[in-house]
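A short write-up of the structure that comes next.
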Amino acid sequence: ILLAEDYIKKWITTELLIKKAVENLTVSQRDVSKELEEYKNSLITYRYKKELMAEKMDTLVTTAEISDFYKANENNFILANDIIKAIFMRIPLEDPLRLKALEICKKTKGEELAEIQEFCLRHAESYNLYVNNWVDARIVLQNMPEMSTDPAGYFARGRAIEKTDEKYYYLVYVLSFRLKGSIAPLDYVSVNIRDLIINSRKTEFLKKLEEDIYTEGVRNQKFKIYNYETE
């Protein structure tokens with residue numbers, strides 16, 4: 001009932017506002033035919049361009065193209081935050097096998113995760129394997145007790161960050177890291193690079209489309225330009 005009453009009130013308010021506008025605007029002010037025509041033309045041309053791009057524009061971006069773009073523009077990909085690939089575990093202190101967590105992490109190369117996965121399922125109350133994708137370091141380290149806001153010092157001292165509180169043993173094992181202010185690794189920005197390449201292609205495609213349409217119009221004499229001389 002409340003939703004219905006709210007809808008009815010909004011509809012009535014809109015109709016009253018339209019009526020008030022019509023009563024107070026001049027005839028010329030109420031004439032929106034030009035704006036409607038411009039909007040219609042804009043919508044039609046937008047849909048035409050969209051259909052042409054879907055049909056004819058090449059959207060395949062190879063790894064070589066991404067790599068070349070990265071090498072040519074790597075100074076434009078500066079990290080705003082520290083990023084890491086890491087393993088996080090939170091294990092109850094009462095579990096004596098928590099001491100094996102670091103040993104198991106040291107054996108992994110990032111791809112061999114079966115043993116770590118099984119260990120976490122058996123012993124960790126919570127865990128995350130940030131192994132295949134880079135992640136903002138703050139997302140990982142916020143799970144650790146008494147961490148500084150700037151984790152760069154922890155990375156410099158070694159790959160393992162260990163903490164305990166009254167209930168849990170915490171471990172972040174860092175597989176790789178990049179500090180803010182440095183150049184982002186290729187696999188961290190590859191999706192953005194692909195989007196940039198596609199957007200560049202769109203710009204070139206639409207520019208060529210407009211040039212071709214104009215050239216066709218000239219060739220087929222679809223328009224004529226009159227030059228008016230002034231005194």
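Here are some notes:
- Of all residues in segment 202-220, at least one satisfies being closer than 24 Å to residue 64 by Cα, of a type in the set (D, E, K, R) and modelled with pLDDT of 95 or more.
- Residue identified as more than 30 Å from residue 195 (Cβ to Cβ), touching a His at 6+ places or on another chain (Cβ under 6 Å) and at pLDDT 85 or above among 102, 97, 121, 93: 97
- Residues of segment 138-153 classified as at pLDDT below 85 and either over 12 Å from residue 84 (Cα atoms) or in contact with a Gly (Cβ under 9 Å, 6 or more places away or on another chain) (or both), total: 6
- Taking segment 182-231 as the range and being exposed (fewer than 11 other Cβ atoms within 10 Å of the Cβ) and outside any helix (DSSP H, G or I) as the test, the residues that pass are 220, 221, 222, 223, 224, 225, 226, 227, 228, 229, 230, 231.
- Residue in segment 6-29 that is within 30 Å of residue 192 (Cα to Cα) and not hydrophobic (A, V, I, L, M, F, W, C) present: no
The values are calculated or read from the model by the stated rules, or taken from the named source; none is laboratory data. The model shown is predicted, which means the values in this text are computed figures rather than measured ones. Neighbour counts run over all protein chains shown; Cβ positions are idealised from the backbone, glycine included.
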